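J.: Please read through the structure below; I'll follow up with questions.
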Amino acid sequence: MAPINANDINDAKAFVPAKKALPEVDTEGSNGNGTTSKGYSYETLLEIANFLISRVSDTPRIGIICGSGMGSYWKEGSLAETISDAVKISYEDIPNFPVSTVEGHHGQLVFGKICGIPVVAMQGRFHYFEGYPLWKCCLPVRVMKLIGIKTLIVTNAAGGLNPNYKVGDIMIVKDHINMMGFSGNNPLHGPNDERFGPRFPPMSKAYNFEYRKIAKEIAKELNIDDIVREGVYTCLGGPNFETVAELNMLKMVGVDSVGMSTVHEVITARHCDLKVFALSLITNECVTSYDIIGEANHEEVLDVGRMRQDVLRQFVSKLVERITQLDANSP
Ligand SMILES: O=P(O)(O)O[C@@H]1C[C@H](O)[C@@H](CO)O1
Ligand SMILES: Nc1nc2[nH]cnc2c(=O)[nH]1
């Protein structure tokens, strides 16, 4: 058989030009002062934190990571738009900060207030599939800790694996399974700086019990308890969505929602003693049978994010308010 010549290929898809130049992704973090192959030094992260502190007037209490379609871009009605007195700082303008490369992720930090409480939101997060090592995906968590947050609220878009879940449901994360960690890929891999946290941090209480209780109360108050669930999340490396066999395996081990983020961020947050709340927006039903016609796609993920933005905005705002009240009254 004659070899294939690229010029002979007639499949238009093969020649669709990239929408924009591919971003440069620094996969090991060796491009700045103080960087090592195993992460940024404490001092470099402190420099980033001080750079940000010098640009805002209030110390944020709560950090929020906006998931795909959930305020990860600035849009009327979105979660990030809840933030008043906003000071927006593009990732590109922050020394030593990675840049967001995912469609639907804006790529900026937004400092401001929700219900009068100082917060900082990440509009756009860093994923492993973009080419960043896990420690770099989680760099902003340590920076937010150094800036002064006490609590991290993490949101993500995820496929619903639990057969009772419907598209548009909100799943409070009660636990995770660190699938990538099973092969040793962990954001805490490498030398440990005790100034962040211990070498061997526990993860059995990763998702704050009191916060989860409050979230369920808020769901009742907002009359959305019929769409609010509680379950176990797992993160796979992506960027492809899962095969039927993979999803059935995950279902067997007790996974309720599947995504491509959050787990490593939560590990990093708990390592440095942040309190954590996380939720999944169920943006698609996982395809667990070969008979199902539909397939997962990123457009659907973004669409469902848009569809639920009002509800999520209200839910997270109330959460910010009540978490702050709770923590003010507890030691
Ligand atoms: O940032 P999150 O975890 O919300 O994004 C998920 C994973 C992929 O980036 C995207 C897939 O559509 O949604
Ligand atoms: N891995 C994964 N990530 C998602 N993000 C949104 N939906 C999905 C999904 O079905 N699988």
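The values are calculated or read from the model by the stated rules, or taken from the named source; none is laboratory data. Because the structure is a prediction, the values reported are computed rather than measured. Don't worry about glycine lacking a Cβ; one is built from the backbone with ideal geometry, like all the others, and counts go over all protein chains shown. Side chains included, ligands, DNA and RNA excluded: accessible areas come from the protein's heavy atoms. Shrake-Rupley method; radii C 1.70, N 1.55, O 1.52, S 1.80 Å.
J.: From the protein chains alone at 1.4 Å, what is the descending order of accessible area for 209, 126, largest first? Please report the intermediate quantities before stating the final value.
T.: Values: 209 125, 126 0 Å².
Result, largest first: 209, 126.
J.: What whole-number distance in Å separates the alpha-carbon centres of the range 230-284 and the range 165-206?
T.: One Cα centre to the other: 10 Å.
J.: Can you work out the FRET efficiency for the pair residue 59 and residue 212, with r the C-beta to C-beta distance and R0 = 30 Å, to the nearest 0.05? Numbers along the way, then the final one.
T.: Values: r = 26 Å, r/R0 = 0.86.
Given R0 = 30 Å and the Cβ-Cβ separation, E is 0.70.
J.: Kirkwood hydrodynamic radius, the chain, all distinct C-alpha pairs: what's the number in Å? Each step should come with its number before you reach the end.
T.: Details: mean 1/r = 0.0489 Å⁻¹.
Computed over Cα pairs of the chain, the Kirkwood hydrodynamic radius comes out at 20.5 Å.
J.: Label points 7 Å out from Cα along the Cβ direction at residue 204 and residue 182: separation in nm?
T.: 2.2
J.: Which distance in nm do the two modelled labels at residue 226 and residue 88 give, with both placed 7 Å along the Cα-to-Cβ direction?
T.: For the pair residue 226/residue 88, the computed spacing is 3.6 nm.
J.: Starting from 0.36 nm per residue, how many nanometres of slack lie between residue 195 and residue 300 once their C-alpha separation is accounted for?
T.: 33.7 nm
J.: Arrange the residues 111, 182 by how much accessible surface each exposes, largest first, with a 1.4 angstrom probe. If you can, show how the numbers build up before the last one.
T.: Numbers: 111 5, 182 155 Å².
Result of the area sort, largest leading: 182, 111.
J.: How do 90, 78 rank by accessible surface area computed with a 1.4 Å probe, from largest to smallest? Present the calculation step by step, with values, prior to reporting the outcome.
T.: Details: 90 35, 78 0 Å².
Correct descending sequence by accessible area is 90, 78.
J.: Another one. Which value, in debye to the nearest 20, describes the size of the charge dipole of the chain about its Cα centre when Lys and Arg Cβ atoms bear +1, Asp and Glu Cβ atoms bear -1, and nothing else is charged? Write out the running numbers ahead of the final one.
T.: Numbers: 32 positive and 39 negative charges, 199 e Å.
With only Lys, Arg, Asp and Glu charged at Cβ, the dipole is about 960 debye.
J.: Using a Förster radius of 30 Å, what is the FRET efficiency between residue 330 and residue 243 based on their Cβ-Cβ separation? Nearest 0.05, please. Let's see the in-between values first.
T.: Values: r = 45 Å, r/R0 = 1.49.
For R0 = 30 Å, the calculated efficiency reads 0.10.
J.: Still on this model: Lys/Arg Cβ at +1, Asp/Glu Cβ at -1, dipole of the range 263-331 taken about the Cα centre: which of 288, 325, 307 is farthest positive-ward?
T.: In the range 263-331, that residue is 325.
J.: Among DSSP beta bridges lying fully in the chain, give the percent that are antiparallel, nearest 5. All intermediate terms of the calculation are to be shown ahead of the outcome.
T.: Details: 19 of 48 bridges.
Around 40 percent antiparallel, to the nearest 5.
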